[in-house]
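Notes for the one structure printed next.
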Amino acid sequence: MEFAEFVAARGSALYRYGYVLTGNAEDAADLAQEALMRLGDSWARVRRRDDPEGYVRTTMARLHISTWRRLRRERLVAEVPEKPYTEDGFDGDTGLWNELKGLPPKQRAVLVLRYYEGLPDQEIAELLGISRGTVRSQAARALDKLRVRVADLETGRVR
């Protein structure tokens, strides 16, 4: 099978796969096109194998992950706020604690140690036996989940 025949036969299936990965038509088309361009560059090598479509799908998944990582990088700031957040009038009531219960254990532990206990990231990492970067990523993920949950509660949507 030649490259043009492969694209004609499997192009629409690869586009649908791209749509499943990205969630929108424009990004799916870009993803499929980029992966097929890469396949075209290495067609002579890939067509000798049994599964050129698997090669393209793997390429598409890796391109999508690469784009996702590039767009969602951590934003660096000049100073890291190491002091705990305290909300005026927080009475230790059930609202915040109930929301924390919905988080995975590691994310919950990181948030409690960081904001309730006021510990720095390095100390949290040592206590939990994880790296400092993992502390930061777990905290960011937990805060994102809490933000989504609060926004849903404010708009009346229930997840």
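Since every read-out is calculated from the coordinates, none of them should be taken as a lab result. As the structure is a computational prediction, the values presented were derived from the model and not from experiment. As a convention, Cβ positions derive from the backbone with ideal geometry for all residues, glycine included, and neighbour counts pool all protein chains shown.
In a DSSP loop and with at most 14 other Cβ atoms within 10 Å, the GluC sites (Glu not before Pro) in the stretch 1-57 are E2. Here the Karplus relation 6.51 cos²θ - 1.76 cosθ + 1.60, evaluated at θ = phi - 60°, turns the backbone of the stretch 106-119 into coupling constants of 5, 5, 4, 4, 4, 5, 5, 5, 6, 9, 8, 8, x, 7 Hz, with x for every Gly and Pro. Share of pairwise Cα-Cα distances greater than 17 Å in the stretch 1-60 is 30 percent (whole percent). Relative contact order of the stretch 1-59: 31 percent, from C-alpha pairs under 8 Å at least 6 residues apart in sequence.
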